[in-house]
1. Scan segment 12-25 and report the pairs whose first residue is outside the structural domain of ALA193 (by the TED database) and whose second residue is small (Gly, Ala, Ser), with Cβ atoms within less than 8 Å and a gap of 6+ or a chain change.
2. Going residue by residue through segment 44-52, is there one that turns out to be closer than 14 Å to TYR101 by Cα and either under 21 Å from the mean Cα position of the chain (by Cα) or at pLDDT below 95 (or both)?
3. Scanning segment 46-62 for residues that are open to solvent by less than 60 Å² (accessible area, probe 1.4 Å) and not in a helix (DSSP H, G or I), which turns out nearest to LYS119 (Cα to Cα)?
4. Given (1) in the same structural domain as ARG46 (by the TED database); (2) at pLDDT 90 or above, identify the lone condition not met by GLN188.
5. It is to be established whether one or more residues within segment 181-198 are within 30 Å of LEU113 (Cα to Cα), within 23 Å of the chain's Cα centre (by Cα) and β-branched (Val, Ile, Thr).
6. Hey, among the residues in segment 63-84 that are touching a strand residue (DSSP E or B) at 6+ places or on another chain (Cβ under 8 Å) and assigned to a helix (DSSP H, G or I), which one's surrounded by the most Cβ atoms within 10 Å (Cβ to Cβ)?
7. So which pairs qualify, if the first residue must be in segment 71-82 and over 18 Å from ASP131 (Cβ atoms), the second must be β-branched (Val, Ile, Thr) and surrounded by 16 or more Cβ atoms within 10 Å (Cβ to Cβ), the Cβ gap must be under 8 Å, and the two must be at least 6 apart or on different chains?
8. Mind listing whichever residues of segment 130-145 are surrounded by fewer than 19 Cβ atoms within 10 Å (Cβ to Cβ), within 20 Å of the chain's Cα centre (by Cα) and among the hydroxyl-bearing types (Ser, Thr, Tyr)?
Amino acid sequence: MAFVHETGEVLHSWFRCGNAYTSNGIVEFMKECKAHISDEIKLMVRGDSGFFTGELLDYLESLNAGYLIKVKLKNLVYLLSQQNWSSIPGHAGYEQTVFYYKCAGWSHERRFLAVRYLKKDDKSGLFPMPDYDYFCYVTTDESLTPLQVHHKYGERATCETWIEECKNQMKACNIRTEDFFANAALFQCSILAYNIIKWMALLAGGKVRHWEVKTIRLYIVRVAGKLIESARQLTLKLPRMFLYQDEWRRWEQMSVSVSFD
């Protein structure tokens, strides 16, 4: 799944078998994503370690697109332990490093930025061994320090919330039939419904645009009422006292005009 960071909408999605590895077909997936994006828009791709593959990085570089991806290597801890580390002012226990490295199968070196945090400094025993948590990233953004890159990648946590909304709140991953293609069609219907809700929230503006699907259901949808038609007009009658009246009043005060050509 690919999300637009600025809006939270799903840019593109594939329904795949559960045994498919994360990066399988990632370049073709990114080509389809690019087809949805204007050439005038500067693309910045942020992905977890499952997308750490030279094939993807080569493709993004061919588009002159930026990327920030978490590194996944078998020998990563050893590789990082061989680098020169410097302390980070104002962040006790944190150190950072920048280095260039060429992974197997890559055509050239790329810039790696890493942060480590001292979990435990065990000075007992004959050979004291400090215990670190390591965080390593590869990125095209040369303006950021390793700590800034670490925080920038941390913003991706919002993406996990969007995934949860799609999978659970919109039931996108409820397997309803024994037919793969039928399930794929239902999955895309759920994604479309999710995007429509996001677009409506963006049009409404205010804090509504930050609400999750379940919040919109609770505040706006799950309200007992009666719809009455009189003189060719529809009137929604609500109880005198009901929950979340303030949110309803805000929606009543919003005036949104949408035209279609």
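1. These pairs meet every condition: HIS12/ALA2; SER13/ALA2; TRP14/GLY25; PHE15/ALA184; TYR21/GLY50; THR22/GLY50; SER23/GLY50.
2. Narrowing segment 44-52 to residues closer than 14 Å to TYR101 by Cα: 52.
Filter again for either under 21 Å from the mean Cα position of the chain (by Cα) or at pLDDT below 95 (or both), leaving 52.
Yes.
3. Going through segment 46-62, the residues open to solvent by less than 60 Å² (accessible area, probe 1.4 Å) turn out to be 47-54, 56-57, 59-60.
Right, trim to not in a helix (DSSP H, G or I) and you get 47-48, 52-53.
Details: GLY47: 26, ASP48: 23, PHE52: 26, THR53: 29 Å.
For segment 46-62, the residue satisfying everything is ASP48.
4. Just one mismatch for GLN188, condition (1).
5. The first filter runs over segment 181-198 and keeps only residues within 30 Å of LEU113 (Cα to Cα), leaving none.
Checked segment 181-198: no residue is within 30 Å of LEU113 (Cα to Cα), within 23 Å of the chain's Cα centre (by Cα) and β-branched (Val, Ile, Thr).
6. LEU80
7. Sorted first by the residue in segment 71-82, then by its partner, the pairs are VAL71/VAL138.
8. Matches in segment 130-145: THR140 only.
The values are calculated or read from the model by the stated rules, or taken from the named source; none is laboratory data. A quick note: this is a predicted structure, and the numbers were derived from the prediction, not measured. With ideal geometry, Cβ positions are generated from the backbone for all residues, glycine too; neighbour counts draw on all protein chains shown. Heavy atoms of the whole protein, side chains included, go into the accessibility calculation; ligands, DNA and RNA do not. Shrake-Rupley method; radii C 1.70, N 1.55, O 1.52, S 1.80 Å.
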